[in-house]
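Before any comments, here is the structure.
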Amino acid sequence: MSKVPLPMSMPSLAKRTWPKVAALGSLIATATIGMTVPAVAQGLPLIRDSEIEGVLSDYAKPLFKAAGLGSGRIKMRIVQNDAFNAFVLDGKNVFVHTGTLMQANTPNEVIGVIAHETGHITGGHMAALRARIAKDQTRALLAQILGIGLMVAGGVSGSDGLGGAGQGVMFGGGEVIMRSLLAERRQQESAADQAGLTFLNATKQSGRGMLATFERFAAQEYISDAQKEAFARSHPLSLDRLARLRTLVETSPYYAVKDGPELQLRHDLMRAKLSGYLEKPDVVYNRYPETDQTLPARYARALASFFRGGPGALETALAQTDALIASRPSYPYFWEAKGDLLMRAGRTREAIPALRQALKLDPNSSLIQVQLAGALQEDQGEAAVTESVGLLRKSLIDDENSRAYRLLANSYYKQGKRPEADAMIAQAYFIEGDLKQAQLFAKRAQLKLRSGTPEWLKNDDIVNYKPQT
């Protein structure tokens, strides 16, 4: 699985990274799915995919708008982890596990989770936690905060060992401080519930999905933290809170509202894609047997046919993908999947027409632009390299990622533009969090770039950047 780090906020450059980000679908090309590292050791294993990001964006945008958070301010991030969990770390990103998407039967269940996390953002709960730490610098409090951090990290990474370590630190001292902090967290959870339901009502959506999620984990309040799901560990739930939530949901005028059939189909296709790419082929065939002839089931089996391998695997997968395209020719992601499978099989030139059609149907997809640019570079022709430059520069306007920068560097090298290529490599390293290499390439690029140009200024920012403690 190729690694494509994501941008976040940073002083001066407005870029920071979640290292070790993985790509799915439109950016899978160079490695095996599932080869991501634990979040605690190397950063969150994030997945990038046009289809899935589009679905989550459509789930979230109305909620963000109702919350007054503005268009494009908050990004939905997909964490490759089988556990059911979602969380916020700042006011700019909502993280959702692939396990949540796979286990949620309806869009409304995921929408309810996003609404709750939006409540945390509008409530400024992460800022409140940071202020609490800054206000009391005692060793006991910091040790307890570290304990909570380890427990959350264990939930993100799926590591019971880390979760247990956090629990051990938590009960090691400072009990009064910790009880106060946990009480504050429970208040924040309840406030996030109420805010989330306000956003759901404002967008005329049911809260049944949110209620179903919390009812699912209510029983886990009575078992040890080591056995709880990540979501239950990081979202403490009381019976009083659940009762209040149930009352608010059931008295909403939108309680009976259901997801539309087209949205449900997109949700099911998303789950099928995740299954096809992330699960073993035998698991996919058990989940989606041949007797299931729905579009999502056929989608999952087409992908699993390729990953099963063996003689004729590609031809079988392509035949199934072509059948999907025939069923819904205007759906860009069936075309994208065909192009991706061809690229994985080393038949890159054959992938170009399929990727062109995918981009034609979804012209604003930066990830498909990058995928097509990568395929064009394999063509080696001067015109193809020039076209790839245009696609990559366009993709980087609103969605910077290191793969796009590295491909752009490769195009510039082929065009004999060494300083520009070094500048792109610097940007890639910077997004990936390797400041030493970023500054090395930025300094080298600056020697030949014209002073004051946009690329020179970006590299100057990298050269002068000093990490905050």
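Here the extension length gained between residue 262 and residue 65 equals 68.7 nm, from 0.36 nm per residue of separation less the Cα-Cα distance. Across the accessible surface of segment 312-469, with the other protein chains kept in place and a 1.4 Å probe, carbon and sulfur atoms take up 51 percent.
Which sequence of 259, 240 reflects their accessible areas, 1.4 Å probe, from the largest down? Can you show the working numbers first?
Working: 259 45, 240 105 Å².
The most accessible residue leads, giving 240, 259.
Which FRET efficiency value, to the nearest 0.05, is calculated for residue 295 and residue 204 with the Förster distance at 22 angstrom and r the Cβ-Cβ distance? Step by step, r from the Cβ atoms, then E = 0.20.
Peptides 203-212, 106-115 ranked from most to least packed by the mean count of surrounding Cβ atoms within 10 Å: 106-115, 203-212. Each residue of segment 350-469 gets 105 Å³ once the volume of the Cα convex hull is shared out per residue.
Per-residue SASA remark: residue 449, around 20 Å² accessible (1.4 Å probe; ligands, DNA and RNA not included). When +1 charges are put on Lys and Arg Cβ atoms and -1 charges on Asp and Glu Cβ atoms, the dipole computed for segment 312-370 relative to its Cα centre reaches about 120 debye.
Report the FRET efficiency, 1/(1 + (r/R0)^6), for residue 378 and residue 415, where r is their Cβ-Cβ distance and R0 is 22 Å, rounded to 0.05.
Values: r = 16 Å, r/R0 = 0.73.
For residue 378 and residue 415, the calculated efficiency is 0.85.
Annotation for residue 218 and residue 463: the two label points, set 7 Å from Cα along the Cα-Cβ direction, are 6.2 nm apart.
If R0 is taken as 35 Å, the Cβ-Cβ distance between residue 323 and residue 82 corresponds to a FRET efficiency of 0.75.
Could you calculate the contour length gain from residue 443 to residue 243, that is, 0.36 nm times the residue separation minus the distance between their Cα atoms, to one decimal place in nm? Spell out each step's value before the answer.
Values: separation 200, 0.36 × 200 = 72.00 nm, distance 6.01 nm.
Additional length available on full extension: 66.0 nm.
For segment 258-327 versus segment 392-454, the inter-centroid distance based on Cα atoms is 37 Å.
Using a simple spin-label model with points 7 Å from Cα along the Cα→Cβ vector, what separation in nm is obtained for residue 364 and residue 316? Result for the modelled spin labels: 3.9 nm.
Where only protein heavy atoms count, and the probe is 1.4 Å, what is the accessible area per residue for segment 364-430 in Å²? Let's see the in-between values first.
On the way: 2490 Å² over 67 residues.
Computed with neighbouring chains in place, this is 37 Å² per residue.
Only lysine pairs 8 or more places apart or on separate chains count here, and in segment 242-364 those with Cα atoms under 25 Å apart total 5. Ranking 448, 273 from most to least accessible surface, computed with a 1.4 Å probe over the protein chains only, gives 448, 273.
The values are calculated or read from the model by the stated rules, or taken from the named source; none is laboratory data. Computed from a prediction, not measured in an experiment: that's the story for all the values here. Backbone-built Cβ (ideal geometry, glycine too); neighbour counts: all protein chains shown. For the accessible areas, the whole protein counts, side chains as well, though only heavy atoms, and no ligand, DNA or RNA atoms are used. Shrake-Rupley method; radii C 1.70, N 1.55, O 1.52, S 1.80 Å.
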